[in-house]
Amino acid sequence: HRDLHSFPTRRSSDLVGIGANTAIFSLLHQSLLRSLPVQNPQQLVELRFAGTHPGRTTSQGGDTPEAHAYFSYPVYRDLRDRCAAFKGLIAFASASVGFTWKNQSELIPAEIVSGNYFTVLGVKPAVGRVLMPGDDTVKDGNPVAVLSQRYWAGHLGADPEILNKTVNVNGTPFTVVGVAGEGFSSAVWGTTPDVFVPMSMKHEVTPDWNDLEDRRSQWLNIIGRLKPGESRVAAEASVNPTWYSIRSAELKELKDQTPHVREAFLGKTRLMLFDGAKGFSPLRTEMQTPMLVIMGMVLLVLTMACVNTAGLLLVRAAARVPEFGMRYALGASRTRVLSQLLLEGLLLGFMGALLGVAIAPRILDVLTFWISNGGSQTPFSTSLDGTVLAFTLCATLLVSIVFSLAPAAQFWKPDLL
């Protein structure tokens with residue numbers, strides 16, 4: 001009787017277990033598993049290179065001793081124009097800008113992108129148009145900008161008047177030509193830029209360091225889209241002769257021409273292509289271990305909740321021995337009895353799952369608020385997508401079957417006396 005009276009309390013803990021499990025898996029899926037919301041993300045590759053790069057790196061992390069993730073703009077331009085293995089190469093970097101519209105100013109995150117950024121990724125506009133290669137041809141000559149859908153809807157109230165109107169970016173007039181498609185934030189997971197500007201306008205975005213033509217300044221990320229049917233291994237083999245040629249030309253500009261420098265700069269260099277379906281993200285590497293640990297802890301909580309439920313069903317089943325004994329005596333088959341117990345367990349499990357999914361977004365709100373330290377900029381969404389719901393459905397089905405079989409074992413060989 002004590003166990004049955006504690007049933008509501010234990011069911012509450014089960015709901016929290018299911019809700020927390022769903023919320024944490026949603027964060028794990030967004031940060032570690034989900035591909036970029038772009039066209040054919042499996043064709044994307046991230047470019048990195050081995051070898052020394054005498055110069056300065058302006059980046060947000062991501063370089064390792066084995067591979068460098070940042071390139072200069074002249075090197076990007078050479079790779080874009082000379083490598084035939086790619087359908088397109090894009091370059092991008094993060095920045096912060098002062099943004100003014102209708103006399104309201106604020107500091108917002110921005111992304112400096114090559115003119116083919118949206119077309120290579122396959123991102124469609126929600127309103128107006130996206131940046132085009134023609135917007136990135138003349139230095140300081142194309143002051144156009146594209147807003148993110150999140151910023152346009154959340155901060156500007158989805159104001160349609162802003163299209164083709166002038167805003168100020170760091171005091172320079174820019175024309176807003178469009179809004180990026182819903183769901184797309186950036187090719188860098190973990191960042192949420194509010195405005196995208198072409199590479200040719202870098203001087204206006206970063207007036208303190210205008211090293212667009214400096215080969216020794218490493219600050220750009222590069223992602224490429226392979227041609228249909230082109231494998232990553234074959235593409236890497238085909239681009240390395242071009243990469244070696246680019247590095248040979250750069251070596252001539254170095255003052256130090258000793259054999260040691262030549263070996264480090266040319267002999268040990270190669271261009272490497274990594275899977276780019278999930279985009280570039282130093283933050284993902286930092287979060288991988290903590291997210292997996294937290295997911296393991298939440299699965300343990302869910303397991304304990306399932307054990308609690310199974311124990312309660314065992315107690316309940318013990319009180320039903322005469323009932324099922326009578327059913328067997330009247331001719332009920334084992335299959336019939338087990339089907340009833342399984343159906344009862346599934347109904348109990350799915351009711352718990354529905355309520356757990358209902359509270360999962362609230363748990364996500366708390367977790368994202370904590371991760372962002374109370375800020376409004378977070379890479380995580382608090383909505384549950386189809387993959388997360390499918391995971392919850394499969395987990396519920398599995399554990400419902402398992403804890404339904406526990407009481408069923410008591411009636412496998414009943415004592416009809």
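Within the stretch 126-149, which residues are surrounded by fewer than 18 Cβ atoms within 10 Å (Cβ to Cβ) and in a helix (DSSP H, G or I)? Scanning the stretch 126-149 gives 133, 134.
Residue under question is residue 300, and the condition is that it be over 33 Å from the mean Cα position of the chain (by Cα), under 25 Å from residue 400 (Cβ atoms), open to solvent by 70 Å² or more (accessible area, probe 1.4 Å) and at pLDDT 75 or above; does it hold?
On the way: over 33 Å from the mean Cα position of the chain (by Cα): no; under 25 Å from residue 400 (Cβ atoms): yes; open to solvent by 70 Å² or more (accessible area, probe 1.4 Å): yes; at pLDDT 75 or above: yes.
No: the conditions fail for residue 300.
Filtering the stretch 251-294 down to residues that are touching a strand residue (DSSP E or B) at 6+ places or on another chain (Cβ under 6 Å) and open to solvent by 30 Å² or more (accessible area, probe 1.4 Å), which residue is nearest to residue 25 (Cα to Cα)? The qualifying residue nearest to residue 25 (Cα to Cα) is 274.
Here residue 200 clears all of (1) hydroxyl-bearing (Ser, Thr, Tyr); (2) surrounded by 15 or more Cβ atoms within 10 Å (Cβ to Cβ); (3) part of a strand (DSSP E or B) except the condition numbered (3). Evaluate the stretch 327-335: report whether one residue or more is of a type outside the set (A, V, I, L, M, F, W, C), assigned to a loop (DSSP other than H, G, I, E, B) and at pLDDT 80 or above. Yes; the residues of the stretch 327-335 include at least one that is of a type outside the set (A, V, I, L, M, F, W, C), assigned to a loop (DSSP other than H, G, I, E, B) and at pLDDT 80 or above.
On the stretch given as the stretch 101-125, residues that are surrounded by fewer than 16 Cβ atoms within 10 Å (Cβ to Cβ), out of contact with any Gly (no Cβ under 8 Å at 6 or more places or on another chain) and in a strand (DSSP E or B) total 1.
Can you go through 356, 311 and tell me which one is within 30 Å of residue 388 (Cα to Cα), buried (at least 16 other Cβ atoms within 10 Å of the Cβ) and not β-branched (Val, Ile, Thr)? I'd like the intermediate steps shown before the answer.
Values: 311 fails: buried (at least 16 other Cβ atoms within 10 Å of the Cβ).
The conditions single out 356.
Can you tell me which residue in the stretch 235-249 is most open to solvent (accessible area, probe 1.4 Å), limited to those that are out of contact with any Leu (no Cβ under 6 Å at 6 or more places or on another chain) and within 17 Å of residue 80 (Cα to Cα)? Checking each candidate, the answer is 244. Name the residues in the stretch 173-192 that are modelled with pLDDT of 95 or more and open to solvent by 40 Å² or more (accessible area, probe 1.4 Å), would you? Across the stretch 173-192, the qualifying residues are 173, 175.
Per-residue answers, yes or no, for (1) free of Cβ contacts under 8 Å to residues at least 24 places away in the same chain; (2) within 25 Å of residue 118 (Cα to Cα):
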{"residue": "210", "(1), (2)": "yes, yes"}
{"residue": "225", "(1), (2)": "no, yes"}
{"residue": "231", "(1), (2)": "yes, yes"}
{"residue": "235", "(1), (2)": "no, yes"}
{"residue": "263", "(1), (2)": "yes, no"}
{"residue": "267", "(1), (2)": "yes, no"}
{"residue": "293", "(1), (2)": "yes, no"}
{"residue": "299", "(1), (2)": "no, no"}
{"residue": "302", "(1), (2)": "no, no"}
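Only one residue in 121, 147 is under 22 Å from residue 107 (Cα atoms) and at pLDDT 95 or above, so which one is that? Result: 147 is the single residue among 121, 147 that is under 22 Å from residue 107 (Cα atoms) and at pLDDT 95 or above. Taking the criterion of being aromatic (Phe, Trp, Tyr), within 29 Å of residue 247 (Cβ to Cβ), assigned to a strand (DSSP E or B) and open to solvent by less than 10 Å² (accessible area, probe 1.4 Å), would at least one residue in the stretch 85-98 satisfy it? Yes; the residues of the stretch 85-98 include at least one that is aromatic (Phe, Trp, Tyr), within 29 Å of residue 247 (Cβ to Cβ), assigned to a strand (DSSP E or B) and open to solvent by less than 10 Å² (accessible area, probe 1.4 Å).
Identify, by number, the condition in (1) part of a helix (DSSP H, G or I); (2) open to solvent by less than 60 Å² (accessible area, probe 1.4 Å) that residue 323 doesn't meet. Single failed check for residue 323: (2). Out of the residues in the stretch 16-57 that are among the aliphatic types (A, V, I, L, M) and either open to solvent by 40 Å² or more (accessible area, probe 1.4 Å) or within 18 Å of residue 222 (Cβ to Cβ) (or both), state the one that is modelled with the lowest pLDDT. Here the answer is 16. If you go through the stretch 175-206 and keep only what is of a type outside the set (A, V, I, L, M) and farther than 17 Å from residue 109 by Cβ, you end up with 175, 178, 181, 182, 183, 200, 203. In the stretch 270-287, the residues that are over 12 Å from residue 34 (Cα atoms) form Cβ pairs under 7 Å with partners that are β-branched (Val, Ile, Thr) and surrounded by 15 or more Cβ atoms within 10 Å (Cβ to Cβ), at six or more places apart or across chains, as follows: 271/239; 273/45; 274/45; 275/45; 280/188; 280/223; 281/188. In the stretch 165-195, how many are under 15 Å from residue 122 (Cβ atoms) and among the hydrophobic types (A, V, I, L, M, F, W, C)? Total satisfying the criteria: 3. Pairing each residue of the stretch 388-404 that is over 9 Å from residue 345 (Cα atoms) with any residue that is hydrophobic (A, V, I, L, M, F, W, C) and open to solvent by 60 Å² or more (accessible area, probe 1.4 Å), provided the two are 6+ apart or on different chains, yields C-beta distances under 7 Å for 396/350. Within the stretch 150-172, the only residue that satisfies the criterion of being in contact with an Asp or Glu (Cβ under 9 Å, 6 or more places away or on another chain), part of a strand (DSSP E or B) and open to solvent by 10 Å² or more (accessible area, probe 1.4 Å) is 172.
The values are calculated or read from the model by the stated rules, or taken from the named source; none is laboratory data. Note that the structure is predicted; figures quoted are calculated from it, not measured. Glycine also receives a Cβ, built like all others from the backbone with ideal geometry; neighbour counts cover every protein chain displayed. Heads up: the accessible areas ignore ligands, DNA and RNA and are worked out on the full protein's heavy atoms, side chains in. Shrake-Rupley method; radii C 1.70, N 1.55, O 1.52, S 1.80 Å.
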